[in-house]
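First the structure, in the form of structure tokens, and then the observations on it.
What follows draws every value from the coordinates through simple rules; no lab data is involved. Predicted model, so just to flag it, every value in this text is computed and none were measured. Cβ atoms come from the backbone with ideal geometry, glycine included; neighbour counts cover every protein chain shown.
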Amino acid sequence: MRLQPGTDIIEGVEKLCDELNIEYAYVDVGTGTLSKATIMYFIPNPNVKLGASYGPPKEIVGPLSFLGGSGVVGRDEKGGRFTHMHGAVCDQWGHVHGGHLVKGGNLILVTSDVVIVELNGVRIVRKYDAETDSSPLEPEQA
């Protein structure tokens, strides 16, 4: 599929999944261009069990080359859709930035090619894990 100009990557992927009735998927976003990117990455955080957590969102102003990204489409514990994606961009000075893509903050400038692979026989569910005090992805047999 091709994401159109002005479309957010995650919102575009979710719309495509809705249109195709896809519940669980692996997503690969190929090269493309963005007018802006918004990412988060892990930073030290002594206030959490693991000693690190996502920091505040970082916005990178475009034009940007989208170098690629991947993620999964699944459900949270309450049944709501979630899409977890990471990606990398290159700015006009050749600096590469990467991390967790923030929904609504990664807008297509010209185009972006997306491959959505529907997962059958498995559910991807985000569940709270007390041991790590986080909510990792948990595959379950469908």
Next item on the list: Please give the length that would be gained between Met1 and Lys58 if that part of the chain were fully extended, namely 0.36 nm times their separation in residues minus their C-alpha to C-alpha distance (nm, one decimal).
Entry: 17.8 nm
Item checked: the range 2-141 - share of DSSP beta bridges that are antiparallel (%, nearest 5) -> 95 percent
Next item on the list: Could you work out the relative contact order of the chain, using alpha carbon pairs under 8 angstrom and six or more residues apart, expressed as a whole percent?
Entry: 34 percent
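Assuming 0.36 nm per residue, please report the length gained on full extension of the stretch Thr111 to Thr31 beyond their Cα-Cα distance. Can you show the working numbers first?
Working: separation 80, 0.36 × 80 = 28.80 nm, distance 0.85 nm.
Fully extending the segment from Thr111 to Thr31 adds 28.0 nm.
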Margin query: Run through the range 40-142 and list the chymotrypsin sites (Phe, Trp or Tyr not before Pro) located in a DSSP loop whose Cβ has at most 10 other Cβ atoms within 10 Å.
Written below: Trp93
Item checked: the chain: calculated mean residue ellipticity at 222 nm from DSSP helix runs of at least 4, using -39500 (n - 2.57) -> -2500 deg cm²/dmol
Notebook entry, point to check: Binned at 10 Å from 0, what are the whole-percent values of the Cα-Cα distance distribution for the range 2-141, short to long?
Noted result: 12, 39, 33, 15, 1
Check: Under a point spin-label approximation (7 Å from Cα along Cα-to-Cβ), what is the Trp93-Lys127 distance to one decimal in nm?
Finding: 4.6 nm
